[in-house]
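The values are calculated or read from the model by the stated rules, or taken from the named source; none is laboratory data. This is a predicted model, so every value here is computed, not measured. Every residue, glycine as well, gets a Cβ built from its backbone with ideal geometry; the counts of neighbours run over all protein chains shown.
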Amino acid sequence: MRWPATLVLIVLVALLQYPLWFGKGGWYRVWEMDRQLSAQRELNQKLEQRNAGLDAEVRDLKSGYGAIEERARYELGLIRDGEVFVQIPSRRP
C-alpha cells in the first residue's frame, strides 16, 4: 500500500514544480530574459560609443572650417589654390 501513495506524492510534487521551472514566470523564462537583457546591454553600449563618436564629429564640423576642410581634402581630394597635388602609386607585390 505504501508504493501507490508514494508514487502519487511524487507525481503531485512534480506537477507542482513544473510551473515553477518551466511556466510563464518560471526559472527557465527568467534565465532566458536575463540572457536577452545582457545581450541588449552589450548592444546598447556599442551604440552609445558610436553615437559619442558621431556627436564629436558633428561638434567638430559645427565649430569651424578646419574639420570641413580636412574632410573635403580626404574624401573629395580637393586642394587649395597654389597647392600641388602629388599622387604616389602603391607597389603591388
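Tell me, which helices (runs of 4 or more DSSP H) wholly within the chain include 3 or more residues that are more than 22 Å from the chain's Cα centre (by Cα) and exposed (fewer than 10 other Cβ atoms within 10 Å of the Cβ)?
Those helices (runs of 4 or more DSSP H) span 2-22.
Six or more apart or on different chains, Cβ under 8 Å: which pairs go from a residue in the stretch 47-64 that's on the phi < 0 side of the Ramachandran plot to one that's of a type in the set (A, V, I, L, M)? Could you list them?
Pairs that qualify, where the first residue is on the phi < 0 side of the Ramachandran plot and the partner is of a type in the set (A, V, I, L, M), are 57/67; 60/67; 61/67; 61/68.
What single numbered condition from (1) modelled with pLDDT of 85 or more; (2) farther than 30 Å from residue 81 by Cα fails to hold for residue 59?
Single failed check for residue 59: (2).
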